[in-house]
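First up is the structure itself, then whatever we jot down about it.
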Amino acid sequence: MSQLSGTLWLVDKIVLSVCTVVAVLGSAANFCLFFVTLRSKSLRSNCHILIGLCAILDGFHQVGLLNQLPALLGNGEMGSFTCSLLQLLPELGLFRGCACVFFIGVERLMAVIQLLLIASYMTFGVYVMVAYFEHKSQVCAIPAPFHGDAGPIFGQSLCLLNLSTVLVYCAVALIISNKPG
């Protein structure tokens, strides 16, 4: 970050400020959605529970954007170990949230889903973070804890999960559109 010119540094701070505000608002909205799901007796179906779980996991993911505040307030860099610890919960939220979105689609397709299937996705992000960990100074952002070859693995796994989600939702749309009545 310190290699940026004065203008680019200002633009970067403005963008990070906007991202921080959006992260705070998004986290608050997701936590409210989770709270409403818990409190409402009419929202007890598998799908509603998954949507509430997805909301809280997305909220944890969005909180990770707040770890970029040192870039706004200082030189923008911190140790990779500190960054990895700060980003652990947001990264788990990201992986689990993507898995939840996928399983919401599967639940819609199958009408029945086991919540325990999500557990298979829970440890992957932690494994990749630990297996490829390197001590270094870095800007602490969402993909920052994935060092070396873990970066492409992180991106490819999320891309594959999101593409799978699109396929499931397309299948659901086809089935619903071809249903009589």
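The values are calculated or read from the model by the stated rules, or taken from the named source; none is laboratory data. Not measured: the values here are computed from a predicted model. Positions of Cβ are backbone-derived with ideal geometry, glycine not excepted, and every protein chain shown enters the neighbour counts.
Descriptive notes on the structure:
- Flag if Arg96 is charged (D, E, K, R) and either surrounded by fewer than 16 Cβ atoms within 10 Å (Cβ to Cβ) or at pLDDT below 85 (or both): no
- Close pairs from the stretch 43-61: first at pLDDT 90 or above and among the β-branched types (Val, Ile, Thr), partner part of a helix (DSSP H, G or I) and buried (at least 18 other Cβ atoms within 10 Å of the Cβ), Cβ under 6 Å, at least 6 apart: Ile56/Phe34
- Of residues in the stretch 164-181 being among the β-branched types (Val, Ile, Thr) and touching a Gly at 6+ places or on another chain (Cβ under 9 Å), the one surrounded by the fewest Cβ atoms within 10 Å (Cβ to Cβ): Val166
- Selected residue (only one of Tyr169, Tyr132 is without any contact (Cβ under 8 Å) to a residue 60 or more places away in the chain and hydroxyl-bearing (Ser, Thr, Tyr)): Tyr132
Residue-wise test of (1) more than 30 Å from Gly105 (Cα to Cα); (2) surrounded by 16 or more Cβ atoms within 10 Å (Cβ to Cβ); (3) touching a helix residue (DSSP H, G or I) at 6+ places or on another chain (Cβ under 9 Å); (4) not β-branched (Val, Ile, Thr).
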site: Ser5; (1), (2), (3), (4): yes, no, no, yes
site: Leu10; (1), (2), (3), (4): yes, no, no, yes
site: Ile14; (1), (2), (3), (4): yes, no, no, no
site: Ser27; (1), (2), (3), (4): no, yes, yes, yes
site: Phe35; (1), (2), (3), (4): no, no, yes, yes
site: Leu38; (1), (2), (3), (4): no, no, yes, yes
site: Leu43; (1), (2), (3), (4): no, no, yes, yes
site: Ser84; (1), (2), (3), (4): yes, yes, yes, yes
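- Candidates Ala173, Ala144, filtered to the one that is under 30 Å from Ser17 (Cβ atoms), hydrophobic (A, V, I, L, M, F, W, C) and at pLDDT below 85: Ala144
- Residue check, Leu88 farther than 26 Å from Leu167 by Cα, under 14 Å from the mean Cα position of the chain (by Cα) and surrounded by fewer than 19 Cβ atoms within 10 Å (Cβ to Cβ): yes
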